[in-house]
Amino acid sequence: EYQPAARVTRIRESASVLAAARVRELKAEGRSIIDLTVGEPDFDTPDHVKLAAIAAINAGETKYTAVTGTPALRSAILDHVESRTGLSYGPLELTIAGGAKQVIFTALMASLDKGDEVIVPAPYWVSYPDMVLANDGTPIIVPCGDEVGFKLTPGALAAAITPSTKWLILNAPSNPTGVVYSRSELEALAAVLQDNPHVYVLTDEIYDEIYFGSGRITSLVSAAPALRDRVLVVNGVSKAYAMTGWRIGYAVGPADLVASINKLQSQISSCPSSVSQAAAAAALSGDQRFVGECVDAYRIRRDVAVAGLNSIEGLSCISPDGAFYAYVKCAGAIGKTTPSGVRIADDVDFTAYLLDAASVAVIPGSAYGLGPYFRISFATSLETINSGLEAIDKAVRALN
Ligand code: PLP
C-alpha cells in the first residue's frame, strides 16, 4: 500500500485551491454561487501577449530553452526589474520558473535544512508555511493583527529572529490584506536585518503593479540596497498581466543562491514553457496601458467592496493599498446562532454559513493564520461584488 512521504503528510493542500475547487463542484451541481474566492484577475490576457505566443509557436519556439530562460525574456525581466527597483541585476542573478509559486518553493528547497527557521508574518499567503514544511524547515509565525496594520514591526521581527533563522518572508502588497510597507517601514525592518547578517529575505512582490496609491510601491531592495546580497525579490507576470495560466514567475537575488535554484530547476522542470516565455517577454517589454486600466477597475471595485463591507453590522475592514483582496474582520458574527440553530464558533463556521445560507464563497481567515477574518477577492465584476455584499448583509442580519 502506498505510504506518502512525511513531507506530504505534514502539509495541507492550498486553502485557496480547495475553495476554488469547492465552488466549481457546487456550480457543477447546478447551484448558483457568488464567487468571491478568486485569486486571479478576471481580465483576459492582452491581445499583444497572445499574439506573441502564437508567433512563437509558428516560429518553432516549442523546444526546451536554457534552464535560465530565453535571452528575450531574461533581458525583458532585467530591464523591468531595474525600472522598478533602480538596481541593475546581472544575468547570474536571475532565475525564471513556472510561476512565482515555483520560484518560492525551489528557493526554499535550495536553502533549507532540517531545523532552519523561516519567519512568516501572519496573515500570510496560504502557501508559505506549507512550502517551508515541505522543504524540512520550521515556519515561525509572527501574528501581525490590525493593531499593527497587519504589518511586521521591527520589534516583532527582532524578537522572532534566532540563530536558526534562515529567511524572513515579506509580501507586499499582501495577499490577503493588501497592505504595503512604506519606505521608512522597510528601512526600519532593514535596520534589524543589518544586525542579523545570517537572515535572508524573500520579498514576494507579485502584486507590486496593483497599487492604488500614487507613484510606485517601494521594493525592499530599493529601500535597503545594502541588503541586496541576501534579498531574493520574487515577481511574475500572473497578476499584473492577467497571465495566471501561462505560469511564468521569476526572482532576482544573490548569484550563489540563484545558482542553487537553477541547479535544482535543471532537475525539476528543465525550463519554463517556451511559448509562455515568449508571451511573458511581450508582456514585460510591450505596451503597459493594460496594467493601468486593470488597476483603475480594481480601485473602483475596492471602494465599492470596502464601503459595502463596512456598512454591514459586525463586519469591518481596512481599505487595501494594493492587490485585489479585502481582509474582513467578522468578530461581530462569532458567538451568534444561525437560523437553523448552529452556533458560529469561528471564521470557518462563518464562511461555511455564508456558503450554505447566502451562496457566497469566501475564504476563512484561519487559512491565512489570523482569525476571525475572511478574505474576499474583488477581481470580479461590480455586479458580482454587489450581489455578494447584499447576500452577506442579509445572512448577517439573520443571525441571532
Ligand atoms: N505569491 C502570492 C502572494 C500570491 O498570492 C500568488 C498567487 O496567488 C503567488 C505568489 C503565485 O503566483 P504565480 O502565479 O506566479 O505562481
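The values are calculated or read from the model by the stated rules, or taken from the named source; none is laboratory data. Values in this document were obtained by computation on a predicted structure and should not be read as measured data. Glycine gets a Cβ as well: all are built from the backbone with ideal geometry, and neighbour counts include every protein chain shown.
Just checking, how many residues over segment 367-398 are outside any helix (DSSP H, G or I) and either touching a Pro at 6+ places or on another chain (Cβ under 8 Å) or within 28 Å of Arg12 (Cβ to Cβ) (or both)? Before you say what the answer is, go through the steps one by one.
From segment 367-398, those outside any helix (DSSP H, G or I) are 369-381, 398; that's our starting set.
Applying the additional criterion that residues be either touching a Pro at 6+ places or on another chain (Cβ under 8 Å) or within 28 Å of Arg12 (Cβ to Cβ) (or both) yields 369-380, 398.
Here the count works out to 13.
Does Gly322 fit the bill of being surrounded by fewer than 22 Cβ atoms within 10 Å (Cβ to Cβ) and among the small types (Gly, Ala, Ser)?
Details: surrounded by fewer than 22 Cβ atoms within 10 Å (Cβ to Cβ): no; among the small types (Gly, Ala, Ser): yes.
Criteria not met by Gly322.
Do the conditions hold for Leu220, that is, is it touching an Asp or Glu at 6+ places or on another chain (Cβ under 9 Å) and either of a type in the set (Lys, Arg) or crowded, with 21+ Cβ neighbours inside 10 Å (or both)? Spell out how you get there, then give the answer.
Numbers: touching an Asp or Glu at 6+ places or on another chain (Cβ under 9 Å): yes; either of a type in the set (Lys, Arg) or crowded, with 21+ Cβ neighbours inside 10 Å (or both): yes.
When the stated conditions are applied, Leu220 passes them.
How about segment 57-74: which of its residues are exposed (fewer than 13 other Cβ atoms within 10 Å of the Cβ) and either among the hydroxyl-bearing types (Ser, Thr, Tyr) or not in a helix (DSSP H, G or I) (or both)?
Ala59, Gly60, Thr62, Lys63, Tyr64
Would you confirm whether any residue within segment 204-218 is outside the structural domain of Val295 (by TED's automatic domain parsing), in a helix (DSSP H, G or I), closer than 28 Å to Glu13 by Cβ and touching a strand residue (DSSP E or B) at 6+ places or on another chain (Cβ under 9 Å)?
Here is the first cut: in segment 204-218, the residues outside the structural domain of Val295 (by TED's automatic domain parsing) are 204-218.
Filter again for in a helix (DSSP H, G or I), leaving none.
For segment 204-218, residues outside the structural domain of Val295 (by TED's automatic domain parsing), in a helix (DSSP H, G or I), closer than 28 Å to Glu13 by Cβ and touching a strand residue (DSSP E or B) at 6+ places or on another chain (Cβ under 9 Å): absent.
Can you spot a residue in segment 244-253 that is farther than 29 Å from Gly178 by Cβ, away from the ligand (no atom under 13 Å from the Cβ) and touching a strand residue (DSSP E or B) at 6+ places or on another chain (Cβ under 8 Å)?
Applying the first criterion (farther than 29 Å from Gly178 by Cβ) to segment 244-253 yields none.
So far as segment 244-253 goes, no, none of its residues is farther than 29 Å from Gly178 by Cβ, away from the ligand (no atom under 13 Å from the Cβ) and touching a strand residue (DSSP E or B) at 6+ places or on another chain (Cβ under 8 Å).
Only one of these is within 15 Å of the ligand (Cβ to nearest atom), in contact (Cβ under 8 Å) with a residue 12 or more places away in the chain, closer than 20 Å to Gln265 by Cα and not aromatic (Phe, Trp, Tyr): Thr65, Thr95. Name it.
Working: Thr65 fails: within 15 Å of the ligand (Cβ to nearest atom).
Within the list Thr65, Thr95, the selection yields Thr95.
Looking only at residues that are away from the ligand (no atom under 16 Å from the Cβ) and over 17 Å from Val233 (Cβ atoms) in segment 98-118, which one is surrounded by the fewest Cβ atoms within 10 Å (Cβ to Cβ)?
Within segment 98-118, the match that is surrounded by the fewest Cβ atoms within 10 Å (Cβ to Cβ) is Lys114.
Tally time: how many residues in segment 365-395 are buried (at least 17 other Cβ atoms within 10 Å of the Cβ), free of Cβ contacts under 8 Å to residues at least 60 places away in the same chain and not polar (S, T, N, Q)?
4
How many residues are of a type in the set (A, V, I, L, M, F, W, C) and touching a strand residue (DSSP E or B) at 6+ places or on another chain (Cβ under 8 Å) if we restrict to segment 386-400?
Initial filter on segment 386-400 (of a type in the set (A, V, I, L, M, F, W, C)): 389, 391-392, 395-396, 398-399.
Cutting the leftovers down to touching a strand residue (DSSP E or B) at 6+ places or on another chain (Cβ under 8 Å) gives us 391-392, 395, 399.
Residues flagged as of a type in the set (A, V, I, L, M, F, W, C) and touching a strand residue (DSSP E or B) at 6+ places or on another chain (Cβ under 8 Å) within segment 386-400 amount to 4.
Taking segment 23-56 on its own, how many of its residues are in a helix (DSSP H, G or I), loosely packed, with under 13 Cβ neighbours inside 10 Å and at pLDDT below 95?
3
Say whether the condition of being closer than 30 Å to Val362 by Cα, within 16 Å of the ligand (Cβ to nearest atom), part of a helix (DSSP H, G or I) and not small (Gly, Ala, Ser) is met by at least one residue in segment 150-165.
No, that holds for no residue.
Being within 18 Å of the chain's Cα centre (by Cα) and part of a helix (DSSP H, G or I) is the requirement here; does Ala20 meet it? Walk me through it before giving the result.
On the way: within 18 Å of the chain's Cα centre (by Cα): yes; part of a helix (DSSP H, G or I): yes.
Yes, satisfied.
Limited to segment 121-149, what total is found for residues that are closer than 17 Å to Leu193 by Cα and within 15 Å of the ligand (Cβ to nearest atom)? Steps first, please.
So the first thing to find is which residues in segment 121-149 are closer than 17 Å to Leu193 by Cα, and the list is 121, 140, 142.
Cutting the leftovers down to within 15 Å of the ligand (Cβ to nearest atom) gives us 121.
The number of residues fulfilling the criteria is 1.
Just to check your reading of the model, which residue among Val291, Val233 is among the aliphatic types (A, V, I, L, M), within 16 Å of the ligand (Cβ to nearest atom) and outside any helix (DSSP H, G or I)?
Details: Val291 fails: outside any helix (DSSP H, G or I).
The match here is Val233.
One line per residue, one yes/no per condition, for (1) small (Gly, Ala, Ser); (2) crowded, with 24+ Cβ neighbours inside 10 Å; (3) more than 16 Å from the ligand (Cβ to nearest atom):
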| position | (1), (2), (3) |
| --- | --- |
| Gly178 | yes, yes, no |
| Asn196 | no, no, yes |
| Val199 | no, no, yes |
| Ala242 | yes, no, no |
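Starting from segment 25-44, take each residue that is under 22 Å from Val126 (Cα atoms) and list its partners that are in a loop (DSSP other than H, G, I, E, B) and within 14 Å of the ligand (Cβ to nearest atom), counting only C-beta distances under 6 angstrom and pairs at least six apart or across chains.
Val38/Ala379; Pro41/Ala242; Pro41/Ala379; Asp42/Ala379
Could you list all residues from segment 294-324 that are touching a Pro at 6+ places or on another chain (Cβ under 8 Å) and not in a helix (DSSP H, G or I)? Break it down stepwise before answering.
Filtering segment 294-324 for residues touching a Pro at 6+ places or on another chain (Cβ under 8 Å) gives 294, 302, 306, 320-324.
Answer for segment 294-324, where residues must be touching a Pro at 6+ places or on another chain (Cβ under 8 Å) and not in a helix (DSSP H, G or I): Pro320, Asp321, Gly322, Ala323, Phe324.
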